[in-house]
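Chemist: The structure that follows is given in the form of structure tokens.
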Amino acid sequence: MDAPGIRGRTVLVTGGAGFIGSHLVDALAPHNEVRVLDNFSTGSRDHVHDDADVIDGDVADPVALGRAVRDVDLVFHLAALVSVDLSVEQPRRSNETNLESSLLLLDLARQEDARVVVASSAAVYGHPSELPISETARTEPTSPYGIQKLALDQYARRYAELYDLSTVALRFFNVYGPRQRGPYSGVISTFLEQARAGDPITIEGDGEQTRDFVHVRDVVRANLLAATTDETGEAFNVGTGERTSIRHLAETVRNATDSSSPIVHRDPRPGDITHSRAETTKARRRLGFDAEIPFEAGIRSLAGGTSLEAAISDGGSSADGESIT
Ligand code: UD2
């Protein structure tokens, strides 16, 4: 995907070797000077576009961060310790990466007068007080990770007001797509791996819980829109507005991979969120963002090596209805 309207800029993508960041860099690199700051703890060099300048460093290192932000006019801040479990085990360590570094980044961006798009999360809502979840819903995070993302989200918005810094916070729902990997990568990549290996597909709990799965290509588009919108100082949900049950997901993955893996159940995850689904009106009206990749097509292309375009034109869209079964 190309980055319409973003040309000739000097752009920093923190976490640019990671799952979402590397796709964003691919969209920006053809027409911009792109710098990537990544410590390669979970990201991969193979996923970084050849034209990007790579700084191998940690966002928690003020020297590396200072170097990365110098002379940029746009920052996408995606670097984070994304493991919720790790944040529970080591809240201060994850706070250092997810919040303290982010605060320094916002201060450095002020010096450059750079726009900052920050990766917030549906984790800010905790157990939702309403469904679908609007941006004004109660925020009651259930983990240090969620608390850190909420603080970042609020800092970004307040920096717009207090210091006239152009910021946008994007609250990602359950993002999936190519290059998602590793132990914290989420249920879709876990199920795909299990199905491909012929291992049991393990549903935690009864599988009736639901999520709003949004394809990384849509998430990239939301980031690009955030880079140029006049609606700064705001937080936007980035989801599809649809819900998919984990049971339906397991069946879809099994079919898409032609796998004969059994679908099995184990204990529910303690404290699991039962339902999560984005209210998308604000993002549609004010950011011009509407998710375009239908869930079934997204899964089929991921599973089968078909291009997303082919999978979409093939049909099987769930865009006009909920894919819950
Ligand atoms: C997502 C985010 C997390 C945080 C959280 C906030 C991802 C990968 N994680 O966690 O960072 O923002 O939302 O609420 O997007 N499941 C199974 N079998 C498995 C793995 C998972 O049944 O092998 C279930 C799990 O119990 C849960 C659902 O699938 O009900 C989704 O799990 P997840 O870890 O992909 O994502 P989530 O929503 O817990």
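Any read-out appearing in this document is the output of simple, stated calculations on the displayed coordinates, not a laboratory observation. Predicted model, so just to flag it, every value in this text is computed and none were measured. Using ideal geometry, Cβ is built from the backbone for each residue, glycine included, and neighbour counts are taken over all protein chains shown.
Chemist: Go through the stretch 138-180 and count every residue that is in contact with a helix residue (DSSP H, G or I) (Cβ under 6 Å, 6 or more places away or on another chain) and more than 22 Å from residue 103 (Cβ to Cβ).
Modeler: 6
Chemist: If a residue has to be over 28 Å from residue 152 (Cα atoms), within 15 Å of the ligand (Cβ to nearest atom) and not in a helix (DSSP H, G or I) to count, how many in the stretch 179-208 make the cut?
Modeler: Of the residues in that region, 10 qualify.
Chemist: Do we find a residue being within 16 Å of the ligand (Cβ to nearest atom) and either in contact (Cβ under 8 Å) with a residue 12 or more places away in the chain or in contact with a Pro (Cβ under 9 Å, 6 or more places away or on another chain) (or both) anywhere in the stretch 112-119?
Modeler: Checked against the condition, which is being within 16 Å of the ligand (Cβ to nearest atom) and either in contact (Cβ under 8 Å) with a residue 12 or more places away in the chain or in contact with a Pro (Cβ under 9 Å, 6 or more places away or on another chain) (or both), the stretch 112-119 yields at least one hit.
Chemist: Next question, about the same structure. Taking residue 244 as meeting all but one of (1) polar (S, T, N, Q); (2) surrounded by fewer than 23 Cβ atoms within 10 Å (Cβ to Cβ); (3) in contact (Cβ under 8 Å) with a residue 60 or more places away in the chain, write down the number of the exception.
Modeler: With (1) polar (S, T, N, Q); (2) surrounded by fewer than 23 Cβ atoms within 10 Å (Cβ to Cβ); (3) in contact (Cβ under 8 Å) with a residue 60 or more places away in the chain applied to residue 244, the lone miss is (2).
Chemist: Is it the case, given these coordinates, that residue 110 is under 21 Å from residue 72 (Cβ atoms) and of a type in the set (D, E, K, R)?
Modeler: Judged against the criteria, residue 110 is a match.
Chemist: Okay, next question. Mind listing just one residue for me: the one in the stretch 156-174 that is surrounded by fewer than 22 Cβ atoms within 10 Å (Cβ to Cβ) and under 19 Å from the mean Cα position of the chain (by Cα) and, of those, nearest to the ligand (Cβ to nearest atom)?
Modeler: Among residues in the stretch 156-174 that are surrounded by fewer than 22 Cβ atoms within 10 Å (Cβ to Cβ) and under 19 Å from the mean Cα position of the chain (by Cα), the one nearest to the ligand (Cβ to nearest atom) is 174.
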